[in-house]
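Bear in mind that the values in this text are calculations on the coordinates, not laboratory data. Since we're looking at a predicted model, the values are computed, not measured. Neighbour counts are summed over all protein chains in view; Cβ atoms, including those assigned to glycine, are modelled from backbone coordinates with ideal geometry.
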Amino acid sequence: SKSKGPCKYIPKFWLTVTLKDGTTRTFRANGENIKEDNDWCFSIGDNDFFDHLWIENQKE
C-alpha cells in the first residue's frame, strides 16, 4: 500500500483483524483507501477489493 497522507472520509467498511496472539486491530475503509487509529490513510490500489471480500464472506 502507498501512503496518501492525512485524509477524512466516511467509512464504507469497518474491518476487525484478530492476530494469532489474540490482539485485535480495527481499520476503516472506503473503496481504495484504508486507515487505522488516526487520519493517515493508505491506498490499497484496488477500488473493489473490500466489496469482493464482503461478497465472498456472505457466501459462507
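In the stretch 1-14, what count of residues is obtained for those that are assigned to a strand (DSSP E or B) and within 16 Å of Asn47 (Cβ to Cβ)?
Looking only at that region, the number is 3.
Any chance you could count how many residues in the stretch 1-24 are surrounded by 10 or more Cβ atoms within 10 Å (Cβ to Cβ) and either farther than 20 Å from Asp51 by Cα or touching an Asp or Glu at 6+ places or on another chain (Cβ under 6 Å) (or both)?
Counting residues in the stretch 1-24 that are surrounded by 10 or more Cβ atoms within 10 Å (Cβ to Cβ) and either farther than 20 Å from Asp51 by Cα or touching an Asp or Glu at 6+ places or on another chain (Cβ under 6 Å) (or both) gives 3.
State which residue pairs qualify: first residue touching a residue at least 24 places away in the same chain (Cβ under 8 Å) and within 10 Å of Lys4 (Cβ to Cβ) and inside the stretch 23-42, second residue assigned to a loop (DSSP other than H, G, I, E, B) and among the small types (Gly, Ala, Ser) in any location, beta carbons under 6 Å apart, and separation of 6 or more residues or different chains.
What qualifies is Phe42/Ser1.
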